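Below is one structure, written out as structure tokens; the observations come after it.
The values are calculated or read from the model by the stated rules, or taken from the named source; none is laboratory data. These numbers were taken from a predicted model, which means no experiment stands behind them. Don't worry about glycine lacking a Cβ; one is built from the backbone with ideal geometry, like all the others, and counts go over all protein chains shown.
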Amino acid sequence: MRHKLKIAATLAAAAVLAAGISSQASAADIKAGLMLKKGFPGAEPVNGMFEVFKSEVEKGSGGAIKMDIVYGGALGKPNERLNQVRHGIIQMSDASDGNYASIYKDIQILSMPYLFPDERTAWKLLDGPVGTKMAEGIRKKTGIRVLGWWESGGFKHYSANKAIRKPDDMKGLKMRVMAPIFGIPVLTLGGSATPIAFPELYTSLKTGVVDGQDNAVWVFNLIKLHEVQKFLMLDGHIYAFGPLGINDRWFAKLSDKNKAVVLAAGKKAIAYNRKASRDAEAKNIAMAKERGVTVIPFTREMKKAFADRVRPAAIKWLKKNVDTPALVDEIIAEVARLSK
């Protein structure tokens, strides 16, 4: 009897140990929820970024960390997935700046119209002290650690059936834009801003409900807007980006070695995304031209003419709608310094 009890005790202890090991293993796993399907046209800069991250983390940790990428919005809408990251239900998602604005208002400052003259200036700001300070603000307020800042298609550009080369060319145009900050340039320059659901955009342009829209070039090509828009203005009024975020409580439980692995994987993933995004934009601009669209490049002087007209209204709106109004002037000054 005593022998049987000893065996039972040994088996129970082994079961507890096995459960502990299993728990530790599952605690080290990463689940990431992405919006676009695997292989979806135009998804490579973002989906590929997470795939690079997965490869680097699994290799660098010697298999101690496993990553599961769930594609196609199967884990919910962007804001739902972002909240799942906050609460540790999943560890990562491809939520972008607009989604983060719902939980960290200061991020909207980086969407100030005509803030960045080019993407490299944006990278310098995001990779420097300002980006580091904003990342720490996000971590403290939301529980999400920012591993880096990725491009969400690069810059947003206007398209229309008339050329827009100077600020007054916007007068009278009905433009489809979504977020309030995106509507400021249109309204300030004498146009009207109309929010239209993405699935209705093509038809709305075709039937004249709106005259134009703003999106990254890959989206313009994806939904064949060359069929309903004659001009594409490369004005780069909004830089579209996203934080590569991971649940901070999960990260804090890692060993120092695996923390370093995750941080290094984040850097490699961001580098992949930025190159892929730049390459994709160049290819998509060429594609739009091949499809008969008149593509109008914007010089720095052209952008400045728009910025000078738009910036006062944008600053006023931002200072009323962010948590740290002083950060608006700080970021404007830093961009000016970096772009000299």
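Could you check the range 226-284 and list, in sequence order, the residues that are in contact with a strand residue (DSSP E or B) (Cβ under 6 Å, 6 or more places away or on another chain) and either of a type in the set (A, V, I, L, M, F, W, C) or modelled with pLDDT under 95 (or both)? Selection gives Phe231, Leu232, Met233, Leu234, Ile238, Ala240, Phe241, Leu244, Ile246, Phe251, Ile270. Name the residues in the range 56-88 that are in contact (Cβ under 8 Å) with a residue 24 or more places away in the chain, out of contact with any helix residue (DSSP H, G or I) (no Cβ under 6 Å at 6 or more places or on another chain) and in a helix (DSSP H, G or I), would you? Once the filter is applied, which keeps residues that are in contact (Cβ under 8 Å) with a residue 24 or more places away in the chain, out of contact with any helix residue (DSSP H, G or I) (no Cβ under 6 Å at 6 or more places or on another chain) and in a helix (DSSP H, G or I), the range 56-88 yields Arg81, Gln84, Val85.
Of all residues in the range 30-43, those that are touching a residue at least 24 places away in the same chain (Cβ under 8 Å) and under 17 Å from Gly76 (Cβ atoms) have Cβ atoms under 7 Å from Cβ atoms of residues that are part of a loop (DSSP other than H, G, I, E, B) and of a type in the set (Phe, Trp, Tyr), 6 or more apart or on another chain, in Leu34/Tyr71; Leu36/Tyr71; Lys37/Tyr71.
Of note, Gly88 does not satisfy the criterion of being among the small types (Gly, Ala, Ser) and at pLDDT below 95. Residues in the range 127-158 that are buried (at least 22 other Cβ atoms within 10 Å of the Cβ) and more than 13 Å from Phe241 (Cβ to Cβ): Ile144, Arg145, Leu147, His157, Tyr158. For the residues Asn99, Asn79, Asn83, the requirement of being in contact with a Leu (Cβ under 6 Å, 6 or more places away or on another chain) and closer than 17 Å to Pro243 by Cα singles out Asn99. Residues in the range 82-104 that are closer than 21 Å to Ser277 by Cβ and not aliphatic (A, V, I, L, M) were compared, and the one that is surrounded by the fewest Cβ atoms within 10 Å (Cβ to Cβ) is Gly98. Filtered by the rule that a residue be under 18 Å from the mean Cα position of the chain (by Cα) and part of a helix (DSSP H, G or I), the range 223-265 gives a lone residue, Ala265. When you go through Val295, Val310 one by one, which is the residue that is closer than 23 Å to Phe116 by Cβ, over 22 Å from the mean Cα position of the chain (by Cα), touching a residue at least 24 places away in the same chain (Cβ under 8 Å) and outside any helix (DSSP H, G or I)? Val295 is the lone residue from the list that is closer than 23 Å to Phe116 by Cβ, over 22 Å from the mean Cα position of the chain (by Cα), touching a residue at least 24 places away in the same chain (Cβ under 8 Å) and outside any helix (DSSP H, G or I).
Of the strands (runs of 3 or more DSSP E) lying entirely inside the range 174-215, those carrying at least 1 residues that are surrounded by 21 or more Cβ atoms within 10 Å (Cβ to Cβ) and touching a residue at least 40 places away in the same chain (Cβ under 8 Å) are 212-215. Among the residues of the range 300-309, is there at least one that is farther than 12 Å from Ile109 by Cα and small (Gly, Ala, Ser)? Yes.
When the range 313-340 is examined, which residues are found to be modelled with pLDDT of 95 or more and either among the small types (Gly, Ala, Ser) or outside any helix (DSSP H, G or I) (or both)? Reasoning before the result, please.
Going through the range 313-340, the residues modelled with pLDDT of 95 or more turn out to be 313-338.
Within the range 313-340, Ala313, Ala314, Val322, Asp323, Thr324, Pro325, Ala326, Ala333, Ala336 qualify.
Which residue pairs have Cβ atoms under 7 Å apart, sit 6 or more places apart or on different chains, and have a first residue in the range 110-126 that is closer than 14 Å to Ser152 by Cα and surrounded by fewer than 21 Cβ atoms within 10 Å (Cβ to Cβ) and a second that is among the aromatic types (Phe, Trp, Tyr) and modelled with pLDDT under 95? From the range 110-126, no pairs qualify.
Checking the conditions here, which among Ile107, Ile69 is surrounded by fewer than 19 Cβ atoms within 10 Å (Cβ to Cβ) and touching a Phe, Trp or Tyr at 6+ places or on another chain (Cβ under 7 Å)? Steps first, answer last, please.
On the way: Ile107 fails: surrounded by fewer than 19 Cβ atoms within 10 Å (Cβ to Cβ).
Of Ile107, Ile69, the one residue that is surrounded by fewer than 19 Cβ atoms within 10 Å (Cβ to Cβ) and touching a Phe, Trp or Tyr at 6+ places or on another chain (Cβ under 7 Å) is Ile69.
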